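**Q** One structure, as C-alpha cells, below. Some questions next.
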Amino acid sequence: MENIKDPSIYRNPVILQSEDLTNYILETAVYPREAEPLKELRKATENHPWGFIAALPEAGQLISILLKLLNPKKTIEIGVFTGYSLLLTALNIPDDGKITAIDIDRKTYEIGLPVIKKAGVEHKIDFIESPALPILDKLLEDPSNEGTFDFAFIDADKENYVNYHDRLIKLVKVGGLLIYDNTLWGGRVVWPEDKIPPHSKSGTTAAIEFNKKIRDDSRVEFSLTSIGDGLSICRRVV
Ligand code: SAH
Ligand code: CA
C-alpha cells in the first residue's frame, strides 16, 4: 500500500454531496438500518490508521439491496481490507452462496474475521492472499470458469481496474453484476490537471480511463452513481 494518507480521496462531500447532506443520509437512512455485525466491523476498523479506506456504509446499503435482488451463488471480491464489503456480501447472499475474496494483505482481513465468524458466515468465504490479477488469469485458464460468477465487487488498486474488467467480464455471467468502487475518485475526475496532488495523479488517470472504457463497452449496462466515492454498477448483457 502506498504510504499516503489522504482521506479526501475516498469521499469528498463538498463535490459529491454537501457534508450536511451526507451526514443526514448516514444518520437518517444508513446507521439506523445497518446490520449489527456490520456496525461492529465498522467500529473495529475506525481506529485503524487506514480505516478511512473501508467501503462506505451508504454504498453498502445500496449493494445489499442489489444482492438481495440478484440472489448470487458464486461471487468474487477484489480488495477486502478489514472486510466490511465482504461481510456485507456474505450477509446478503444465500446460505450456500460462495465468495472468492482476494487481497494482498491477510492481516487486515484478520481484524474483521472475528466479527465475520460471530455472524456465522465464514463458511461462505474463500480468502486468497495474493495480488488479484494472477488469480483471475488462473481462473480463466480453465474455460469452465467462464460465465459462472453472478457477482463481482472490485475495490482494490485502481490502476488495474481496466485489467480486472477485461478478465471479470468473461468470468461473470450474462445478467450478472460487476460493481466497481471509487470511480469518481474524490471528485478528482473533473479537477483541472494542475490542481491534482502528485500522489493522486495515477488514481485520477486510472478512474478517468476506466470510466471511458465502461462507457464504450457495449457488453454492459452501466450506472455511475455518486453514492459514497462513486460506485459503477455494471450488468453484463452479452
Ligand atoms: N472493500 C474493502 C476496502 C478495500 S481497500 C472494505 O470494504 O473495507 C483496498 C484493498 O485492496 C486493500 O486492503 C489492499 O491491500 C488491497 N489491494 C491493493 N492492491 C491489490 C492487488 N493488486 N490485489 C489484491 N488486493 C489489493
Ligand atoms: Ca473503496
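**Q** When you check ASN71 against the structure, is it touching a Leu at 6+ places or on another chain (Cβ under 6 Å) and of a type in the set (S, T, N, Q), yes or no?
**A** Spelling it out, it is not the case that ASN71 is touching a Leu at 6+ places or on another chain (Cβ under 6 Å) and of a type in the set (S, T, N, Q).
**Q** Next question. Residues in region 191-200: is at least one within 16 Å of ligand 2 (Cβ to nearest atom), more than 15 Å from the chain's Cα centre (by Cα) and more than 26 Å from LEU26 (Cα to Cα)?
**A** Yes.
Matching residues to (1) more than 16 Å from ligand 1 (Cβ to nearest atom); (2) at pLDDT 95 or above:
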| position | (1), (2) |
| --- | --- |
| LEU139 | no, yes |
| ASP142 | yes, yes |
| GLU146 | yes, yes |
| ASP150 | yes, yes |
| HIS165 | no, yes |
| LEU171 | no, yes |
| GLY186 | no, no |
| ASP194 | yes, no |
| HIS199 | no, no |
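**Q** Among the residues of region 167-190, write down those that are open to solvent by 70 Å² or more (accessible area, probe 1.4 Å) and either touching a Ser or Thr at 6+ places or on another chain (Cβ under 7 Å) or part of a helix (DSSP H, G or I) (or both).
**A** Within region 167-190, LYS170, LYS173, VAL190 qualify.
**Q** Looking at region 191-227, which of the residues that are of a type in the set (S, T, N, Q) and touching a Lys or Arg at 6+ places or on another chain (Cβ under 7 Å) is surrounded by the most Cβ atoms within 10 Å (Cβ to Cβ)?
**A** Here the answer is THR204.
**Q** Which one is farthest from ligand 2 (Cβ to nearest atom), of the residues in region 56-93 that are open to solvent by 20 Å² or more (accessible area, probe 1.4 Å), within 19 Å of LEU171 (Cα to Cα) and touching a Phe, Trp or Tyr at 6+ places or on another chain (Cβ under 8 Å)?
**A** LYS74
**Q** Filter region 94-107 down to the residues that are open to solvent by less than 10 Å² (accessible area, probe 1.4 Å) and within 17 Å of SER130 (Cα to Cα) and list them by number.
**A** ILE99, ALA101, ILE102
The values are calculated or read from the model by the stated rules, or taken from the named source; none is laboratory data. The structure displayed is predicted, hence computed values, not measured ones. In this analysis, Cβ positions are derived from the backbone assuming ideal geometry, glycine residues included, and neighbour counts consider all displayed protein chains. For the accessible areas, the whole protein counts, side chains as well, though only heavy atoms, and no ligand, DNA or RNA atoms are used. Shrake-Rupley method; radii C 1.70, N 1.55, O 1.52, S 1.80 Å.
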